[in-house]
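A short write-up of the structure that comes next.
The values are calculated or read from the model by the stated rules, or taken from the named source; none is laboratory data. Here the structure is a predicted model, which means the values were calculated and not measured. Please note: Cβ atoms are built from the backbone with ideal geometry, for glycine as well, and neighbour counts cover all protein chains shown. All accessible areas refer to the heavy atoms of the entire protein, side chains included, with ligands and DNA or RNA removed. Shrake-Rupley method; radii C 1.70, N 1.55, O 1.52, S 1.80 Å.
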Amino acid sequence: MDASNGPDIIEEVNLDDENDIVIIPSEECEVMEITDTEDNDLDNADDIVEITPSSEELAEDKKDEGNKYYKQKDYRRALGCYAKAIELYPCAAYYGNRAACYIMLGMYSQALQDARESVKCEPSFAKGHLRMGKCFLAMGDVAAAKSAFDKTKELEPTNTTIDAELRTIDTLNKIDTDLNRAVEVQDYRKALYCSERALDIAVFCRRYKVKKAESLTHLGRYQEAEEIVNDILRSDSTDVDSLLIRGMCLYYQDNIDLAFSHFQQVLRLAPDYAKARETYRKAKQLKTKKEEGNVAFKQGKLQEALAIYTETLAIDPVNKLTNSKVYYNRALVNSKLGNHSQTVDDCSAALKLNDGYIKALLLRAKSYGNLEKHEECVRDYEACMKLEKNANRETRRLLKEAKIALKRSKRKDYYKILGVDKNANDDEIKKAYRKRALVHHPDRHSSATEEERKEHEKNFKDLGEAYTVLSDPKKKARYDRGQDLDDEGHAEFDPQMFNAFFGSGPSPFGGFHFGGGGGFHQSGFNFQF
């Protein structure tokens, strides 16, 4: 049998049929001659003397019945038969057969108990020692397994299966070494791999199950970890390792109060459990520090809150969910302080730890908008829409506004060109145009380099376009809504506009004037808009 494959696909354990009991009449039995006397009334020949089968015979019948069920893989019914056989006549073979049945059902504790009884009945019973070794190996007790296999080898030197079992022990020892090293360096992916390989061999080993659950916990796979330890706790509700891991799962899922009750229960059962004390200490410190930051934030002590949240993040980097909330809280502080780049960084850190954190997405989107990173802003609002099962009206509104801002960002910012606020009135717009148009008028830069003249010409044209749109209420309204203006040709600059401000007389810069041809001319220089 290869115990490494687990109880469901385990190789069938051979039964012990060699101890069948056969009842043979004794040769010394005296033959009685029947005589025809008055004391022997032949008329009563119908009277039959019933012979009751012995306990040994009944036990053998039950054993045979159990073997039949065993071969049919009906192990539960086979167990009942072997139990009856043992009750009638306890012996090594019957205990051994029931141990084999328990092994096939993966019930190694019961199998070990029967295997021990079998060798107690008959110390030289090799199969009993072999089954003890298999049970010890399945339970992860390597030293006891090797001792049992060595004893089997001593009793049956020609048994070739023992060498394979001993090689399996060597394999398990190597896996165990690799597992301990991985845990020591906190390589939990490697630790998970090693614990799973170990459980392929030591299928009933509580220690390897705990190691696997612990690795899963550190990898954030809390549900799988809880399933393992809950199974252990159903058998032993005081298993401190399993209680600690379940508490850690609750702690890492930000269920702090319930986690505390688990840590406290562990420490009541095992006051000197160092790992439990350290985990409980970190959990309490993390909760306390986070609450201090929240108090400072609510009191408006933003710089103090910023410092406290930063300290909080250093307490337990493994607690991803709680730390994601702390990052978000620090992002809120940075947002209120106007530190938009730091707000984006903190929100990104929160989302790295919890990619479904909608609050962090919304705040980052807002900060991207403040930084005029409109494509990133739209992307985050769209991600929020996907995460929210029923996207609320506010998120839809913010997304719409972000898309308009993105559209605006891809065309000229007329407000920026004129240097006015978006709420500027008509007089402010006119004043801004008058001032800047004089600065960039081409005649003013006739002696500049070719490159400089082209730059001023471009700026002068942009100023005209900006004023054309923003001085017209309808065009301005369309522009503010993010609608295209090119459809109606509204953004074209009219050169006569300059004359409207400065008159059609002599140029303020000497010799320059606008004509009716849609351009401006000076000494043969012709610039077309």
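Let's see how each residue does on (1) part of a helix (DSSP H, G or I); (2) in contact with a His (Cβ under 6 Å, 6 or more places away or on another chain); (3) closer than 30 Å to Leu216 by Cβ:
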position: Gln285; (1), (2), (3): yes, no, yes
position: Gly300; (1), (2), (3): no, no, no
position: Val318; (1), (2), (3): no, no, yes
position: Arg364; (1), (2), (3): yes, no, no
position: Arg379; (1), (2), (3): yes, no, no
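Return the residues of region 254-280 that are more than 17 Å from Asp241 (Cα to Cα) and either among the aliphatic types (A, V, I, L, M) or part of a helix (DSSP H, G or I) (or both); say none if nothing qualifies.
Result: Ile256, Asp257.
Return a yes/no flag: does region 397-407 have any residue that is touching a His at 6+ places or on another chain (Cβ under 9 Å), under 28 Å from Leu470 (Cα atoms) and in a loop (DSSP other than H, G, I, E, B). First the steps, then the outcome.
At the first step, the residues of region 397-407 found to be touching a His at 6+ places or on another chain (Cβ under 9 Å) are 402-403, 405-407.
Subset that is under 28 Å from Leu470 (Cα atoms): 402-403, 405-407.
Now narrow it down to the ones that are in a loop (DSSP other than H, G, I, E, B): none.
No, region 397-407 has no match at all.
Could you figure out which of (1) modelled with pLDDT under 95; (2) assigned to a loop (DSSP other than H, G, I, E, B); (3) within 30 Å of Asn319 (Cα to Cα) isn't true of Ala424?
(3)
Go through Tyr108, Tyr102, Tyr89, Tyr94 for me and flag whichever is open to solvent by less than 10 Å² (accessible area, probe 1.4 Å), under 30 Å from Ser54 (Cα atoms) and of a type in the set (Phe, Trp, Tyr).
Just one listed residue meets the conditions, Tyr94.
Pick from region 317-357 the residues that are closer than 23 Å to Ala283 by Cβ and of a type in the set (S, T, N, Q): which of them is farthest from the chain's Cα centre (by Cα)?
Asn329
Could we say that Asp163 is part of a helix (DSSP H, G or I), out of contact with any helix residue (DSSP H, G or I) (no Cβ under 7 Å at 6 or more places or on another chain) and at pLDDT below 95 here?
Yes: the conditions hold for Asp163.
Is at least one residue of region 240-248 surrounded by 14 or more Cβ atoms within 10 Å (Cβ to Cβ) and among the hydroxyl-bearing types (Ser, Thr, Tyr)?
Yes, region 240-248 has at least one match.
Output the residues belonging to region 358-373 that are within 26 Å of the chain's Cα centre (by Cα) and open to solvent by 30 Å² or more (accessible area, probe 1.4 Å).
Scanning region 358-373 gives Ile358, Lys359, Leu362, Arg364.
Just wondering, is there one or more residues in region 269-276 that are over 25 Å from Gly106 (Cβ atoms), small (Gly, Ala, Ser), open to solvent by less than 10 Å² (accessible area, probe 1.4 Å) and over 16 Å from the mean Cα position of the chain (by Cα)?
Looking for residues that are over 25 Å from Gly106 (Cβ atoms), small (Gly, Ala, Ser), open to solvent by less than 10 Å² (accessible area, probe 1.4 Å) and over 16 Å from the mean Cα position of the chain (by Cα), one finds at least one in region 269-276, hence yes.
So which of Tyr82, Tyr69 is assigned to a helix (DSSP H, G or I), more than 21 Å from Cys135 (Cα to Cα) and aromatic (Phe, Trp, Tyr)?
Every option except Tyr69 fails the conditions.
So Lys320 clears everything in (1) in contact with a Gly (Cβ under 9 Å, 6 or more places away or on another chain); (2) under 30 Å from Leu233 (Cβ atoms); (3) charged (D, E, K, R); (4) without any contact (Cβ under 8 Å) to a residue 60 or more places away in the chain except one condition, right? Which one?
Of the numbered conditions (1) in contact with a Gly (Cβ under 9 Å, 6 or more places away or on another chain); (2) under 30 Å from Leu233 (Cβ atoms); (3) charged (D, E, K, R); (4) without any contact (Cβ under 8 Å) to a residue 60 or more places away in the chain, the odd one out for Lys320 is (4).
Among Tyr309, Tyr328, Tyr251, Tyr280, which is the only one that is in contact (Cβ under 8 Å) with a residue 60 or more places away in the chain and open to solvent by less than 40 Å² (accessible area, probe 1.4 Å)?
Tyr251
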